[in-house]
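To keep things clear, I will list the structure first and then write my remarks on it.
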Amino acid sequence: MDLFAFEAAGKAESSETDDVQGVCNYLDAIAYARKQLKSPKGLPLSVRVLCETHRRLAKGVRGAEKSPGEVRRSQNWIGRTRPGNAAYVPPPPHAVGELLAGLERFIHGERDLPPLIRAGLCHAQFETIHPFLDGNGRIGRLLIALLFEHWKLLREPLLYLSLFFKQRRAEYYRRLDGVRGQGDFKGWLAFFLEGTAVVAEEAVGTIQDLFSLITSDRAKVLRVKTSSVMAARLFELLPEHPIVTIGRVVDLLSTTKPTANKAVNALVDAGVLVETTGRRRDRTFGYAAYLDRLRTGTEI
C-alpha cells in the first residue's frame, strides 16, 4: 500500500523508497508492454519488448547496475557463490540468443496446446534461460500476465501468480528443477495450473467483496447529512486513490481547499474515510475497509 501513500503525499519514507520505486517501475513496465501489444504500430511480444520491459523494471532499484535491458554476455548462476556450487547454472551466454529466439517462435507459432499450458511452458523456459544478469524472476512473472492478455485469456492483467509462487516458494523452485533435471513437465504444469486456479478464485472473491463494499459505502455517503456533490464525486475516485490528502483532493476534484475539506469531512462522517496520522496538519485519510480487503490474503 506504500504506492497509494506515496501518490497521496508525494513522498515516501526512506525505508520504503525502494519498494515504492519498484512498484512504480512495474506499472510503467507493464503499461509499456501492453501498449506495444495493443497498438497496430506496436511491437509483438518479443525479445525486444522483454528487454525494454526489463530495463524499465530495473530503473533505480536493485539490479540497476547489472546491464538492465540487455541480454547477458556473461555466465550467471542461482544460489551460493559460484557456478561450481550453485543450485542452478543457466545456459552459457553464447547460447542465450538462440534459446530466446526459440522461445519467441514458440509464443507465436505453437497452436496445438491450450494457452494456459503454453503460458506455463513459456515461464519455465524463460526462467531456465535466465537471460538477464538480474531480475529474471520479476520479468518472468510479468511475462505470464502478458501472455494471458496476448492469447486473449484476459482483457486486463488481473491475475498475478507472484504471491502464489512466493507462498509456495520451495515447491516453485523444486518444480522448475524437476523440468530441468528430469523433464517433469507434468509436475510443473500441474503446479502452474493449480496456481492459476487459486489466484483466479481469489481474484473473483476480491472483486465481489469490493463491489459489495463500494455499493454499501456509496449508500452511506448519500445518506450522511454533510454529503454533497463533491463528496459523492470524491467517493467514486477512492477505489483508484484510496489514500488521500486535502491537497490531493483539491487536485482530483479541481476544486478549492475549503470544498475539498468539506468533501473529505463528509466521507469521514459517513465512516468511509479514516484519518491515519493523528496530526492536526498535513493529515492523510484512508479508505480503510477497502485497503483492508486488498490486504487480505497477501500476508506471508
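The values are calculated or read from the model by the stated rules, or taken from the named source; none is laboratory data. Remember, predicted model here, so these are calculated numbers, not experimental data. Neighbour counts run over all protein chains shown; Cβ positions are idealised from the backbone, glycine included.
A few remarks follow.
- Failed item, numbered, when LEU222 is tested on (1) over 30 Å from SER162 (Cβ atoms); (2) at pLDDT below 95: (2)
- Applying the condition of being without any contact (Cβ under 8 Å) to a residue 24 or more places away in the chain and not basic (Lys, Arg) to segment 74-86 and asking which residue is nearest to ALA119 (Cα to Cα) yields TRP77.
Condition check ((1) basic (Lys, Arg); (2) in the same structural domain as ALA231 (by TED's automatic domain parsing); (3) under 13 Å from ALA232 (Cα atoms)) across all residues:
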position: VAL249; (1), (2), (3): no, yes, yes
position: LYS262; (1), (2), (3): yes, yes, yes
position: ALA266; (1), (2), (3): no, yes, yes
position: LEU291; (1), (2), (3): no, yes, no
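- Only listed residue being in a helix (DSSP H, G or I) and surrounded by 13 or more Cβ atoms within 10 Å (Cβ to Cβ), chosen from GLY42, GLY22: GLY22
- Candidates GLY10, GLY22, filtered to the one that is modelled with pLDDT under 90 and more than 24 Å from ILE144 (Cβ to Cβ): GLY10
- Hey, ARG72 charged (D, E, K, R), in a loop (DSSP other than H, G, I, E, B), modelled with pLDDT of 95 or more and surrounded by 13 or more Cβ atoms within 10 Å (Cβ to Cβ) or not: yes
- Matching helices (runs of 4 or more DSSP H) fully within segment 184-300 where at least 1 residues are closer than 30 Å to ALA170 by Cα and free of Cβ contacts under 8 Å to residues at least 60 places away in the same chain: 185-223, 288-295
- Condition met for ARG155 (in a helix (DSSP H, G or I), among the charged types (D, E, K, R), free of Cβ contacts under 8 Å to residues at least 40 places away in the same chain and out of contact with any Ser or Thr (no Cβ under 7 Å at 6 or more places or on another chain)): no
- Qualifying residue in segment 95-103 (condition: without any contact (Cβ under 8 Å) to a residue 12 or more places away in the chain and farther than 19 Å from LEU45 by Cβ): yes
- Residue check, VAL198 touching a strand residue (DSSP E or B) at 6+ places or on another chain (Cβ under 9 Å) and modelled with pLDDT of 95 or more: no
- Being loosely packed, with under 13 Cβ neighbours inside 10 Å, more than 12 Å from PRO131 (Cα to Cα), assigned by TED's automatic domain parsing to the domain that holds ALA29 and among the polar types (S, T, N, Q) is not true of THR53.
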